[in-house]
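Enquirer: The structure is given below, and queries will be raised subsequently.
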Ligand code: SAM
Ligand code: DTB
Ligand code: SF4
């Protein structure tokens, strides 16, 4: 019987991460089967409700105002437009709808009031509503919770040691503080990172250790492969190999057994067999729809084919057992 632990050491995680790849996949698959139905995959849809013009300097991000990318700056979308996109996502089989804004932090202004309306609207559609809006105060987290927000995405991205090489406009502790505020408001926590930014394996292990030693594990951990975008400082980073994705996913699965592990950005550059390996290793969630926030993602048709071929079935909404986050 596997127990849930919050006291993982870097050495332990490193031993898991560095074991022979087939053993690692087998261990990930075994833990996965103990805690989840291996045929079930959560389908989430992303929508960028406020695109571009962000004051932060995240080196990977096409939405940072200071880099010259093809992303056009747009103002916050209208509530009606967002709700119609959410309905489309629901009709195409998504059970979680995540709204992203290119903000450093939430401000208490009319735009935030509009986001609150979006959250209310999507939550009445019976989908799990998620937002990713940058840093939050405890009061803002509570306001979102009261509006029906189910989950909040706020990534640590990498290790504490490597963080300053990637972002200088905020600190790792700022990120942890927002995660704490989200947790306190009893919102489901979604936090993960990106690989392929030039970090060492130690940094990947370091990030996993921070996530797995939070008081409670995040309910979701997205594992993104960097999407290198022209104009960003990381535009020339080489593609991460599928084995690196598999190592991250299996290790996350083994040390955080109950968590949903999301095979996130980077699927456009993976074939069916590579994605199948990720599911085998313990991934059980994806972003669907032909766009992530600003970059391409496999389309609905392609994913439908993948679900058929791999005999996967979409996970129902609100399956999390925690009474704190159940809203029905
Ligand atoms: N501005 C908010 C923030 O930074 O928290 C929310 C939106 S931000 C775009 C959400 C996440 O997208 C980032 O934390 C990062 O992990 C991921 N991301 C952004 N650009 C990416 C890229 N080029 N490749 C992979 N992941 C990326
Ligand atoms: C996450 O971890 N990955 C998603 C979501 N959370 C917000 C975002 C990926 C963004 C990839 C680059 C883009 O499309 O702009
Ligand atoms: Fe802004 Fe978020 Fe992009 Fe950083 S990751 S530049 S905070 S939108």
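The values are calculated or read from the model by the stated rules, or taken from the named source; none is laboratory data. Owing to the predicted nature of the structure, the values given are computational and were not obtained by experimental measurement. Neighbour counts run over all protein chains shown; Cβ positions are idealised from the backbone, glycine included.
Enquirer: Do we find a residue being within 16 Å of ligand 1 (Cβ to nearest atom) and under 24 Å from residue 217 (Cβ atoms) anywhere in the range 100-115?
Expert: Checking the range 100-115: at least one residue is within 16 Å of ligand 1 (Cβ to nearest atom) and under 24 Å from residue 217 (Cβ atoms).
Enquirer: Moving on to the next point. What residue, among those in the range 305-322 that are at pLDDT below 95 and part of a loop (DSSP other than H, G, I, E, B), is surrounded by the most Cβ atoms within 10 Å (Cβ to Cβ)?
Expert: Looking at the filtered set, the residue picked out is 315.
Enquirer: What tally of residues in the range 285-304 results from selecting those that are more than 15 Å from ligand 2 (Cβ to nearest atom) and surrounded by 20 or more Cβ atoms within 10 Å (Cβ to Cβ)?
Expert: Selection size over the range 285-304: 1.
Enquirer: Which of the numbered conditions does residue 126 fail, given that it passes all the others? Conditions: (1) away from ligand 1 (no atom under 15 Å from the Cβ); (2) touching a strand residue (DSSP E or B) at 6+ places or on another chain (Cβ under 9 Å); (3) outside any helix (DSSP H, G or I).
Expert: The failed condition is (2).
Enquirer: Looking only at the range 187-194, decide whether some residue is in a loop (DSSP other than H, G, I, E, B), under 30 Å from residue 68 (Cα atoms) and within 18 Å of the chain's Cα centre (by Cα).
Expert: Within the range 187-194 (the criterion being in a loop (DSSP other than H, G, I, E, B), under 30 Å from residue 68 (Cα atoms) and within 18 Å of the chain's Cα centre (by Cα)), the answer is yes, since at least one residue qualifies.
Enquirer: With (1) over 24 Å from residue 299 (Cβ atoms); (2) surrounded by fewer than 19 Cβ atoms within 10 Å (Cβ to Cβ); (3) away from ligand 1 (no atom under 14 Å from the Cβ) as the list, and residue 271 as the residue in question, which single condition is left unmet?
Expert: Checking residue 271 against (1) over 24 Å from residue 299 (Cβ atoms); (2) surrounded by fewer than 19 Cβ atoms within 10 Å (Cβ to Cβ); (3) away from ligand 1 (no atom under 14 Å from the Cβ), the one that fails is (1).
Enquirer: Mind checking whether some residue in the range 99-114 is closer than 28 Å to residue 41 by Cα, surrounded by fewer than 17 Cβ atoms within 10 Å (Cβ to Cβ) and either touching a helix residue (DSSP H, G or I) at 6+ places or on another chain (Cβ under 7 Å) or at pLDDT 95 or above (or both)?
Expert: No - not one qualifying residue is present in the range 99-114.
Enquirer: Would you mind stating whether residue 232 is surrounded by fewer than 16 Cβ atoms within 10 Å (Cβ to Cβ), over 24 Å from residue 10 (Cα atoms) and modelled with pLDDT of 95 or more?
Expert: no
Enquirer: Please state which one of 149, 208, 179, 156 is crowded, with 17+ Cβ neighbours inside 10 Å, more than 23 Å from residue 128 (Cα to Cα) and within 15 Å of ligand 1 (Cβ to nearest atom).
Expert: Exactly one residue qualifies, and that residue is 208.
Enquirer: Okay, moving on. crowded, with 19+ Cβ neighbours inside 10 Å, within 15 Å of ligand 2 (Cβ to nearest atom), under 16 Å from the mean Cα position of the chain (by Cα) and part of a strand (DSSP E or B) - does that describe any residue in the range 83-97?
Expert: yes
Enquirer: Exactly one condition in (1) within 16 Å of ligand 3 (Cβ to nearest atom); (2) part of a loop (DSSP other than H, G, I, E, B); (3) out of contact with any helix residue (DSSP H, G or I) (no Cβ under 9 Å at 6 or more places or on another chain); (4) on the phi < 0 side of the Ramachandran plot is not met by residue 58; state its number.
Expert: Failed condition: (3).
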